[in-house]
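S.K.: Questions regarding the structure given below will be posed in turn.
The values are calculated or read from the model by the stated rules, or taken from the named source; none is laboratory data. Since the structure is predicted, the reported quantities are computational estimates derived from the model, not experimental observations. For neighbour counting, all protein chains shown are included, and Cβ atoms are generated from backbone atoms with ideal geometry for every residue, glycine included. Remember, those area values only see protein heavy atoms, side chains included, never the ligands or the DNA or RNA. Shrake-Rupley method; radii C 1.70, N 1.55, O 1.52, S 1.80 Å.
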Amino acid sequence: MVQAVMDLALQMGILHGRLVEAKQGKDSLQSSLEANTLTILDMVSKSSFAPKSDNKSYAEVMKAKKISIPLRSDNTVVMYPIDNNSNITPAEIEKEVRQAVNPVTTKIKIENMRTIGNKGLLVRTAQKDNLTSLLDCQKLKDSGIKVSVPNKKMPRLAVYNVPQDLDDDQFISALGGQNDLEEDFLKKNMKCAFKFGRKDRASVHRVIEVSPELRKKLLSKERVYIFWTSCHVEDYLHISRCYTCHGFNHVSKTCKATTQVCGHCAEVGHDFNSCTKRELKACCANCKKYNLPHEHDVRDKTCPTYLNALTGIRNRTDFGI
Ligand SMILES: [Zn+2]
Ligand SMILES: [Zn+2]
Ligand SMILES: [Zn+2]
């Protein structure tokens, strides 16, 4: 029931959300692309940031494309060696799981198993109650494997066009002093993550990690006052995109694919620039892989696989709902 309410609340967030590429973030967006990473500026809150005509809500986009992405609940566990110094690999953890848990007798429905870094294994199941068979598995504990529910990430907010020359302390002082927020409260509830934008400009965009409580306060303001300017605040969601296989949540450097996948026709063995099918319609490599409608660009913001990855990020973030 609680999960259903959370799903509904998140879904409402998505329906009210506006998928807008922030104009002022475009330069940095370009450099992020070059750095093998796609930065998605995705608004959960309403905003007057971009001209109305450019705004398209998820609902409008989905209606237009006749696609609907159900929000999946986040039924995942992570598995790591109990001993930090252990040499056990994710592949060995997976082998242990396969031996320790009988999927037929436990009626477990596995949706996905993937490695996390070079130490852990993530297992996603179709139903929340499936997780008990993994969390309580004595055989895994006996094999030196710790199974736990992953911690949710702190939400991230982007604060746009902050004066470039401010250090973190000056920024936090201004955020507190000029916006009716106690500095102590701020220090306990936020962390400066990183900046993005051009270094030769007078202003830069800052990404901060905040508690759900501070997120609510800042989003309700929409703009915050920092020294002699006011800065727009919005949710910041980030999806890594691989330029070898075009999959999400990893980059080329850590990609398991050995052959380049084309960003236009989705065939293997060549890249976008040397594609001979550029006259033909684009084919999305990700959606093709999952047997979804795939006659769209792999970078299409309405791509079902992309929206699903975005949903995954939302589910892994603690919005305090
Ligand atoms: Zn890849
Ligand atoms: Zn091609
Ligand atoms: Zn797609």
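S.K.: For S274, S148, give the ranking by accessible area with the largest first, probe 1.4 Å.
M.R.: Values: S274 70, S148 35 Å².
Per-residue accessible area, sorted high to low, gives S274, S148.
S.K.: Evaluate 2.2 N^0.38 Å with N set to the residue count of the range 147-235, then give the Cα radius of gyration divided by it.
M.R.: Values: Rg = 13.3 Å, N = 89, 2.2 N^0.38 = 12.1 Å.
After normalising by residue count via 2.2 N^0.38 Å, the value is 1.10.
S.K.: Using amide H atoms built 1.01 Å from N in the peptide plane, name the residues 5+ places from Y243, or on other chains, whose amide H lies under 5 Å from its own.
M.R.: HN-HN under 5 Å from Y243: S252.
S.K.: Check I116: other-chain or 5+ apart residues with amide H under 5 Å from its amide H, H built from backbone geometry?
M.R.: Long-range HN contacts for I116: L121, L122.
S.K.: Separate question: Between R201 and D318, 0.36 nm times their residue separation minus their Cα-Cα distance comes to what?
M.R.: On the way: separation 117, 0.36 × 117 = 42.12 nm, distance 3.31 nm.
Length gained between R201 and D318: 38.8 nm.
S.K.: Under the 0.36 nm per residue contour assumption, what length would be gained going from the current alpha-carbon distance of N273 and E94 to full extension? Working shown, then result.
M.R.: Numbers: separation 179, 0.36 × 179 = 64.44 nm, distance 3.81 nm.
Contour length minus the Cα-Cα distance gives 60.6 nm.
S.K.: Points 7 angstrom from Cα along the Cβ direction at D83 and K221: gap in nanometres?
M.R.: If labels sit at D83 and K221, their model points lie 5.0 nm apart.
S.K.: For the range 303-316, take each phi angle, set θ = phi - 60°, evaluate the Karplus expression 6.51 cos²θ - 1.76 cosθ + 1.60, and give the result in whole Hz per residue in order, putting x for glycine and proline.
M.R.: Values per residue, Gly and Pro as x: 4, x, 5, 5, 4, 5, 5, 5, 4, x, 5, 4, 5, 8 Hz.
S.K.: Using 0.36 nm per residue of separation minus the Cα-Cα distance, give me the extension gain between K256 and Q164 in nm, one decimal.
M.R.: Numbers: separation 92, 0.36 × 92 = 33.12 nm, distance 3.84 nm.
Length gained, K256 through Q164: 29.3 nm.
S.K.: Would you kindly derive the ³J(HN,Hα) couplings of the range 84-90 from the backbone phi angles with the Karplus curve 6.51 cos²θ - 1.76 cosθ + 1.60 (θ = phi - 60°), listing them in order in whole Hz, with x for Gly and Pro?
M.R.: For the range 84-90, the Karplus curve yields 4, 8, 5, 9, 4, 9, x Hz.
S.K.: Further question: Under the classification rounded if a/c is under 1.5, otherwise prolate if a/b is larger than b/c and oblate if not, where does the range 202-248 fall, given a ≥ b ≥ c as square roots of the Cα gyration tensor eigenvalues?
M.R.: Details: a/c = 3.78, a/b = 1.81, b/c = 2.08.
Oblate, since a/c reaches 1.5 and b/c is not below a/b.
S.K.: Now, a different point. Can you pull the Kirkwood radius for the range 85-180, inverse mean 1/r over Cα pairs, to one decimal in Å?
M.R.: Numbers: mean 1/r = 0.0591 Å⁻¹.
For the range 85-180, inverting the mean 1/r across all distinct Cα pairs yields 16.9 Å.
S.K.: Now a separate question. Taking θ as phi - 60°, what are the ³J(HN,Hα) couplings along the range 106-111 by the Karplus curve (6.51, -1.76, 1.60), each to the nearest whole Hz, with x for Gly and Pro?
M.R.: With coefficients 6.51, -1.76 and 1.60, one gets 7, 6, 7, 10, 7, 9 Hz.
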